[in-house]
1. Hey, does the range A:116-127 have a residue that's open to solvent by 10 Å² or more (accessible area, probe 1.4 Å), farther than 27 Å from A:Asp15 by Cα, basic (Lys, Arg) and within 22 Å of the chain's Cα centre (by Cα)?
2. Among the residues of the range B:96-113, which ones are open to solvent by 10 Å² or more (accessible area, probe 1.4 Å) and closer than 21 Å to A:Ala68 by Cβ?
3. Among the residues of the range B:344-375, what is the count of those that are in contact (Cβ under 8 Å) with a residue 24 or more places away in the chain, among the aliphatic types (A, V, I, L, M) and farther than 18 Å from B:Val312 by Cα?
4. Of the numbered conditions (1) touching a Lys or Arg at 6+ places or on another chain (Cβ under 7 Å); (2) open to solvent by less than 10 Å² (accessible area, probe 1.4 Å); (3) closer than 24 Å to B:Gly52 by Cα; (4) more than 8 Å from chain B (Cβ to nearest Cβ), A:Ile19 fails exactly one; give the number of that condition.
5. Which condition breaks for B:Ala68 when tested against (1) within 12 Å of chain A (Cβ to nearest Cβ); (2) closer than 27 Å to B:Val26 by Cα?
6. Looking at (1) open to solvent by less than 30 Å² (accessible area, probe 1.4 Å); (2) away from chain A (no Cβ under 14 Å); (3) within 27 Å of B:Asp235 (Cα to Cα); (4) touching a Ser or Thr at 6+ places or on another chain (Cβ under 7 Å), which one does B:Thr157 not meet, given that it meets all the others?
7. Considering B:Val30, B:Val26, B:Val5, which residue is away from chain A (no Cβ under 12 Å), farther than 27 Å from A:Gln99 by Cα, more than 22 Å from the chain's Cα centre (by Cα) and crowded, with 24+ Cβ neighbours inside 10 Å?
Protein chains: 2
Amino acid sequence: MPRLVMKFGGTSVADLSRIEAAAARVRREVEAGHDVIVVVSAMAGKTNELVGWVRDTSVLYDAREYDAVVASGEVVTAGLMALRLQQMGVDARSWQGWQVPVRTTSAHGAARIEEIGTEAIAARFAQGVRVAVVAGFQGISAENRVTTLGRGGSDTTAVAFAAAFDAERCDIYTDVDGIYTTDPRIEDRARKLDRIAYEEMLELASLGAKVLQTRSVELAMRYKVRLQVLSSFEDKPGTLVCDEEEIMESKVVSGVAFQRDEAKMTLISVADRPGIAAAIFGPLADAGVNVDMIVQNISEDGRTDMTFSCPVAEVPRARAALETAMAEGHINYHGLDADTDVAKVSIVGIGMRSHAGVAQKMFRALADEGVNIKVITTSEIKTSVLIDRKYLELAVQALHDAFELDKAG
Amino acid sequence: MPRLVMKFGGTSVADLSRIEAAAARVRREVEAGHDVIVVVSAMAGKTNELVGWVRDTSVLYDAREYDAVVASGEVVTAGLMALRLQQMGVDARSWQGWQVPVRTTSAHGAARIEEIGTEAIAARFAQGVRVAVVAGFQGISAENRVTTLGRGGSDTTAVAFAAAFDAERCDIYTDVDGIYTTDPRIEDRARKLDRIAYEEMLELASLGAKVLQTRSVELAMRYKVRLQVLSSFEDKPGTLVCDEEEIMESKVVSGVAFQRDEAKMTLISVADRPGIAAAIFGPLADAGVNVDMIVQNISEDGRTDMTFSCPVAEVPRARAALETAMAEGHINYHGLDADTDVAKVSIVGIGMRSHAGVAQKMFRALADEGVNIKVITTSEIKTSVLIDRKYLELAVQALHDAFELDKAG
């Protein structure tokens, strides 16, 4: 039988009635002839409750115990989902991570899946059990301890199962109905995309479209798992995240993404010598600063200005790391500027690869609205600019309009 | 190092502050030189929450899924307890049933422990980890599914670990401070016992002193595990349940037990023939009626009266089973009487084995108070009588007084 993976997030299994609604969707797929692997998150709020208990119990908590406690939330949902399916007449059983087994690294709290044992579940399918309900977000280490994959890890679980079981598709049920050309709260003409390429989704995910965990999209791309994002609250198709070959007619630009709380930091008049970038960004990485864009000016008299962006919240950390590096003689600069009132806006699209002038069109659209660009970076399928935060909404709307994203491909 | 098992029930780990108090007790035993196995129940209320969800999800629920869901409560407490101990500087880790492993039968919801794998935990002790925190009440079946031992099963887990690890003692922390000569709510001169023999405890447990699960006492007796019942809310010794050889000076009678809601049923003028008892009590057992005392009158003209007791709540079931057996021709009687206003009072004591006249003294004490005895049964260490329920308190007080149970042994 063709196999399908269906993943239900916390809001989609928030209580017994939501679990019942999710089970009804599973039954429909079973009746349509699928063997189904259902991956579930903890009931909404449960993971936070468990994490709160752990933090209140121990300041520097043992991540192995954290994992054992927190992974129990998904175990409960998996059992309840199996029971609800049985109650509906669907033959189902639940699987905890260690029962499958889902073998992971020992990086507790942020483990990576290394291997999924398919034998036991496949044997059940062969016996006619139509549904395997899997507790998401968890696995087992080589030391036989329970691990978790980190927040949002149930998406990764779902994609990994779809790959291991060669599933036709991996449906991610959530509280939004798909991926949009941009945030509808900013641009009310934002349009839901029917399809989007893995690469585009990755750029959008890392830019703040928090629908899918980045790691799960990477995994889907690597194993060519067709991923559908859809709503568990409505009954309509969502957005398919797939290989670009499956996308017939695509626009040059698929979406406009943004990050609101960025900061632009500039090291003024840095001594320019080989290895200076490593000397600056090494200490920042060690301090846990997520540096995004980097621009180096043309050097003059052996000195240059170095500009980078990072989240506003990380500015104090960045400043401390750089001042320490200066004091210890690793770097030398004349001044350190921090502009904490900037935002990043990006256009994303696989069509940009084969179309010239896309960035130029972006800059023109912003110029027409009087939006000044502070920093530019480009990649194969993305162009990002840093602008004053007060122009964020205006810029997003202007770009959405310029690339006609409100119109179907 | 000498080993100790410490078991904390639901009220003793009800919230994070109670878990902290329990952990402090564990630390004290570690500092006193013990390697400790801590067995924990779910936080008070959690098991009921989980059971409620299961029942609301599925009417005839799959016991395997029930077990998977409900066993998660103890997993959470075990992790939190390990974290709290670590926070106090005590090297500890948690163990789920399947990790130990605790191998059980496949009778989900009421599984029996078959074997405890001691290797992994013993290796940890050898490495200097001083505490193993074990999730009580659970195990793993031969089919690799999570099992539970049934309500109160954490006591059984604790005793089984004490036996497997040859522990010096198994301390059961609970919300009462020990075993009393009778219920202090009925007799305010009831006295806490320092020691009580396994056999006595078994008679008391099955008679309604709900401090320890019967199965755990049986297991303790079989493996000669010294069991202490004590309060987690106060700091004082409890009652030691032990081999009678450890009890130097014992009274003839150790306690007065009772069951309030009993019923006396009488089959009037039953045809008396070989196999009649089986013909009566077979159907009752099949109907799930817990028959306790049985008395058969002297036969006259080939007919006899048969009297038995059972819980009041089971009278309708008993009546239906007997009437069906009559209708189907398996038994024949002239009438069926049910007296639902009776109670059972028992005196229990290992000293009764070697002392004559104990029952006689009991009957005399009741007669002096004008309490009429309806049925009598005796065993080696127990004498029970059925009386009108309205005399229950009077009878308990009279017997407590007659055997001077308010005075230390």
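1. No: the range A:116-127 contains no residue that is open to solvent by 10 Å² or more (accessible area, probe 1.4 Å), farther than 27 Å from A:Asp15 by Cα, basic (Lys, Arg) and within 22 Å of the chain's Cα centre (by Cα).
2. Listed by number, the residues that qualify are B:Gln96, B:Trp98, B:Gln99, B:Pro101, B:Arg103.
3. The total comes to 10.
4. The number of the failed condition is (4).
5. The single condition B:Ala68 does not satisfy is (2).
6. The failed condition is (4).
7. Going through B:Val30, B:Val26, B:Val5 in turn, just one is away from chain A (no Cβ under 12 Å), farther than 27 Å from A:Gln99 by Cα, more than 22 Å from the chain's Cα centre (by Cα) and crowded, with 24+ Cβ neighbours inside 10 Å: B:Val26.
Each row is one residue, and each column tells you yes or no for (1) open to solvent by 10 Å² or more (accessible area, probe 1.4 Å); (2) farther than 30 Å from A:Ala78 by Cα; (3) in contact (Cβ under 8 Å) with a residue 60 or more places away in the chain.
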{"position": "B:Val133", "(1), (2), (3)": "no, no, yes"}
{"position": "B:Ala163", "(1), (2), (3)": "yes, yes, yes"}
{"position": "B:Arg195", "(1), (2), (3)": "yes, yes, no"}
{"position": "B:Val211", "(1), (2), (3)": "yes, yes, no"}
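The values are calculated or read from the model by the stated rules, or taken from the named source; none is laboratory data. Keep in mind that what you see is a predicted model, and the values were worked out from it rather than measured. With ideal geometry, Cβ positions are generated from the backbone for all residues, glycine too; neighbour counts draw on all protein chains shown. Protein only, heavy atoms only, side chains kept; ligands, DNA and RNA dropped before computing areas. Shrake-Rupley method; radii C 1.70, N 1.55, O 1.52, S 1.80 Å.
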